[in-house]
Amino acid sequence: MTVEAFAPAKINLTLHVTGQRADGYHLLDSLVIFVDAGDRLRLSPADDLTLRVTGPRAEGVPCDGRNLVLKAAMLFGCERGAAITLDKHLPAAAGIGGGSSDAAAALRGLAELWNLPLPDPAAVLSLGADVPVCLRPRALRMQGVGETITEGPRLPERMGLLLVNPGVEVSTPAVFKALTCKTNAPMPHPPGWSSAAVMAHWLAEQRNDLETPARRQAPVIREVLDVIAATEGCLLSRMSGSGATCFGIYDSRDEAEDAARLIAAGAPQWWVQAASPYSAA
Ligand SMILES: C[C@](O)(CO)[C@H](O)COP(=O)(O)OP(=O)(O)OC[C@H]1O[C@@H](n2ccc(N)nc2=O)[C@H](O)[C@@H]1O
Ligand SMILES: Nc1ncnc2c1ncn2[C@@H]1O[C@H](COP(=O)(O)OP(=O)(O)OP(=O)(O)O)[C@@H](O)[C@H]1O
């Protein structure tokens, strides 16, 4: 029996930082969606727990206990065996939840392989603030430090997305630390939208409060935002999470694909990916 699990990229369409807890973690209000670009896990029964990392973005990804996939496996308690292959397509430390989505996919896949319930929410959160929101990928509102997840709005029937990473890793802790204002306005209730243009207009009134400190850490983010914004049909360009990946919103997948081809030709060393929204069944 082999279990397959998809780990979609996580995009913060908004990221409002509204406060900070005594333990230093920040309170967020974020509209999160997932896209059909991501990593893939294959899990099969074995005596020992092993991890093999393959794929075009495998370089630099640990395949020992530091990998969030193996940390997720440890949450199921006593030693159980499984042979796990992680096929990496997402850049790491990129603001699109690469490791977190892998951890969430590992939790779903191992629960199925071992016929066990998912670990409790506190254990899931202990893997990282982005793991709870990745457990059942669809449009969601994420609040608290990442543990308060509520249903998100209906997305437009038709829309395209473009993801661009300039190949610089951004430290999430350093970006949060560099925030000057930590008590910003929360996000209004996201109403749901009939078209990508109407959604982009609403999103333009919101923010990613981590964009300014991230741009100080990686100034190239400004260039990425401008290059995306200059493409034909781009309705909005914004950084995702703590960066450096930025996204563009378009009325269709075709327009996003056209923009991807144009940017990839101009910046072959950047990671450029056209995508569509993804919701788990
Ligand atoms: C920026 C986001 O990606 C938005 O979705 C998440 O808030 C960060 O999620 P993540 O990368 O899984 O973050 P973690 O690995 O749990 O935390 C990394 C570091 O980021 C900071 N951190 C993270 C989440 C949060 N709500 N407040 C924080 O201040 C803390 O210094 C923490 O030590
Ligand atoms: N499955 C994994 N994939 C990629 N990196 C991993 C993984 N497990 C552990 N890591 C290590 O953790 C670091 C953080 O991984 P990554 O930033 O992709 O996860 P993330 O925090 O969910 O993403 P981000 O915060 O950038 O949205 C990487 O630099 C890498 O060293």
Quick calc, residue 222 & residue 179: beta-carbon distance into FRET formula, R0 25 Å, rounding 0.05, result 0.90
If the label point sits 7 Å along Cα→Cβ of residue 262, residues of segment 157-178 with amide N under 19 Å come out as 159-166
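How big is the dipole moment of segment 153-278 about its Cα centre under a simple scheme where the beta carbon of each Lys and Arg is +1, that of each Asp and Glu is -1, and everything else is neutral? Debye, nearest 20, please.
That gives segment 153-278 a dipole magnitude of about 520 debye.
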Filtered hits (lysines, Cα-Cα < 26 Å from residue 177, offset >= 8 within chain) -> 10, 71
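Considering only DSSP beta bridges whose two residues both sit in the chain, what percent are antiparallel, to the nearest 5?
85
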With x for Gly and Pro, the residue-by-residue ³J(HN,Hα) of segment 134-148, computed from phi through the Karplus equation 6.51 cos²θ - 1.76 cosθ + 1.60 at θ = phi - 60° and given in whole Hz, is 8, 5, 10, x, 6, 5, 9, 9, 10, 9, x, 8, x, 8, 9
Rounded to the nearest 10, the angle in degrees between the Cα long axis of helix 220-229 and the longest principal axis of the Cα atoms of the chain comes to 70
To the nearest 0.05, the calculated FRET efficiency linking residue 126 and residue 151 through their beta-carbon distance, R0 being 25 Å, is 0.55
Note on segment 3-144: contact order normalised by length, alpha-carbon pairs under 8 Å, 6 or more apart, percent, works out to 32
Those GluC sites (Glu not before Pro) from segment 76-164 that are DSSP loop and have at most 16 other Cβ neighbours within 10 Å turn out to be 79, 147, 157
Percent antiparallel among DSSP beta bridges confined to segment 1-93, nearest 5, equals 75
Percent relative contact order for segment 153-278, counting Cα pairs under 8 Å at least six residues apart, stands at 41
Binned at 5 Å from zero, the C-alpha pair distances of segment 120-208 give percents of 3, 10, 16, 19, 22, 20, 10, 2
Two pseudo-spin positions, 7 Å from Cα along C-beta at residue 276 and at residue 115, lie apart in nanometres by 3.6
Rounded to the nearest 0.05, FRET efficiency between residue 54 and residue 212 (Cβ-Cβ, R0 25 Å) equals 0.10
Compactness check, the chain: C-alpha Rg relative to the 2.2 N^0.38 Å globular estimate gives 0.97
Projecting the Cα atoms of 277, 214, 55 onto the charge dipole of the chain, where Lys and Arg contribute +1 and Asp and Glu -1 at Cβ, the residue farthest towards the positive end is 214
Of all stretches in the chain that avoid trypsin sites (Lys or Arg not before Pro) placed in a DSSP loop and having at most 15 other Cβ atoms within 10 Å, the longest is 183-281
Restricting to Cα pairs under 8 Å and 6 or more apart, the percent relative contact order of the chain works out to 24
Once amide hydrogens are built 1.01 Å from N within the peptide plane, the residues lying 5 or more places from residue 240 or on another chain with amide H under 5 Å from its amide H are 245, 246, 247
Within segment 24-160, the percent of DSSP beta bridges that are antiparallel, given to the nearest 5, stands at 70
Of every hundred units of 1.4 Å-probe accessible area on the chain, the number belonging to carbon and sulfur atoms, as a percent, is 52
Helix 253-266: inclination vs the chain longest Cα principal axis, degrees, rounded to 10, gives 90
Rounded to the nearest 10 degrees, the helix 98-113 long axis (Cα) sits at an angle to the longest Cα principal axis of the chain of 40
Per DSSP, the loop-located GluC sites (Glu not before Pro) within segment 179-240 having at most 10 other beta carbons within 10 Å are 205, 232
Given backbone amide H placed at 1.01 Å from N, residues whose amide H is under 5 Å from that of residue 14, ignoring those fewer than 5 places away on the same chain, are 31
Cα-based Rg and Dmax for segment 3-144, in Å, come out at 14.9, 46
Taking a crude spin-label model, label points 7 Å out from Cα along the C-beta direction, the residue 252 to residue 197 distance in nm is 1.4
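The values are calculated or read from the model by the stated rules, or taken from the named source; none is laboratory data. Remember, predicted model here, so these are calculated numbers, not experimental data. So basically every Cβ, Gly included, is an ideal-geometry build from the backbone, and we count neighbours across all protein chains shown. With ligands, DNA and RNA removed, areas are computed over all heavy atoms of the protein, side chains included. Shrake-Rupley method; radii C 1.70, N 1.55, O 1.52, S 1.80 Å.
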